[in-house]
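Okay, so here's the structure we're looking at.
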Amino acid sequence: MVAALIGLRLPESVPLAAIGDGGEHALVRRLVAAIRATEIDDIHISGCVTAGAVVVPTALVTAARVQADGDALLAGIAAGYRTAIAFAGAFGGASILYRGIWPTYLAAPVAAAATAASIRGLDAAGRARALRLAIARTNSVLDRSAPRWLALGCAAVDGLVAADAAAAGLDAGDTAVQRWAEQAGVSLDATVLERAVALDTIDCKTFPTSRQGYAAIETFRSLRRVHPDRPVARIAVAVPMQYLAMVGSTGRPRSRIESMTAVAWQMALAEHAPDALYDVARHNIPQDPALDGFAARVTVAADARLTELYPEFWAGKVRIEYADGGSIEAEDLSPAGSKALGWPELIAKAGRLASANGIAAERIARLLAQARVAGGSQPVALRDWIEAADLEAAPPL
């Protein structure tokens, strides 16, 4: 929801306010798009799926609608995460990403359906119907010429509808999963949708960036703390071959998202404008020739060993050569945040994001306080979350 607070103001998500009738589906669509557009949400690397952006809005809206309590809300969130991670991992999400398939978009309907079905209290047969109906709405290919945040929001709504349809007794048939797998060209056992997944294996980046470049950037920041005043002559970055093209650009970024994927540019920010790393909208990045000059000293290449370790590890290796001679290097397989962050770390992250994105610290504090009391036997009040985040007015629920 911190991501939603920031993301609803981004250019990619602002137009979504004009779509729909302002009801539950429109709210889910907007929140999903806004959260995912920030690049500050969590990710499970083996499936390359960012489940929280889909699951949390679906859970909050569903729980408020059916007057579920906080414990049911948390159980639904866990069910959605587990389903998204198991589903994406089953077809090798981290590998198919580079075939042009977006794993989060692929998993969104089943994740939302699992979340809503759990919160609605559907029995095992009802949850199975919801997943079969959702997978019938799952698309393996996204046309990148269309707004992808809008597409992800719509995919989440498809899962919400699937849970409602399952509650009404509708079904897509026992072979729905197998039919989808054949059409998508993947091998998928239907039981994977019920697979147990350890939720503490989720990555949570400490600043907005692509997870692919995150390890290299964190390695660079760590190395610079050793000799912060020594001038840098060159920086050699090594990453897995699978995502070299994604993170390897060394010119000035042409878009907000590219500024979060190119490791050279983000290293330049870390060196000359470290606070700008936390600016999600990238409104406050200085037009400083020093940034371009520093990025030009970075080269990015594939490393055979890191390529073999992928997708278990999304690693980075960095070598800094100093202008006065000598060098320093390091490799990081599991950077800070490569496992779920604890509450103190999440609070610190939220505070840095608030400061960099023009959000008053007390607004973040209200939202975090609401999150801390999310469990329990009291009905979930979406209005409390909306007011705590100071989001735009929610529809009556």
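Bear in mind that the values in this text are calculations on the coordinates, not laboratory data. All values reported here derive from a predicted model rather than from experimental measurement. Here the Cβ is made from the backbone with ideal geometry for all residues, glycine too, and neighbour counts use every protein chain on show.
Observations on the structure shown:
- Every Cα-Cα pair in segment 211-332 was counted, and those over 18 Å apart are 47% of them.
- Under 19 Å from the Cα of LYS349 - lysines, other chains or at least 8 residues apart: LYS205, LYS339
- Short-range pairs are left out: with C-alpha atoms under 8 Å and at least six residues apart, the relative contact order of segment 307-367 is 21 percent.
- Total formal charge among the other residues, if their Cβ is under 13 angstrom from that of TRP102, Lys/Arg +1 and Asp/Glu -1: +3
- Euclidean distance of C-alpha centroids, segment 148-172 and segment 69-143, integer Å: 10 Å
- Under the combined filter of DSSP loop state and at most 11 neighbouring Cβ atoms within 10 Å, segment 40-103 retains none of its trypsin sites (Lys or Arg not before Pro).
- Calculated on C-alpha atoms, the gyration radius of the chain divided by its Kirkwood radius gives an Rg/Rh of 0.98.
- Helix runs (DSSP H) in the chain reaching 15 Å along axis by Cα, Kyte-Doolittle at least -1.0: 24-37, 52-66, 70-90, 103-119, 124-135, 148-167, 211-224, 343-356, 361-372
- Summing +1 for each Lys or Arg and -1 for each Asp or Glu among the other residues whose beta-carbon sits under 11 angstrom from that of VAL247 gives 0.
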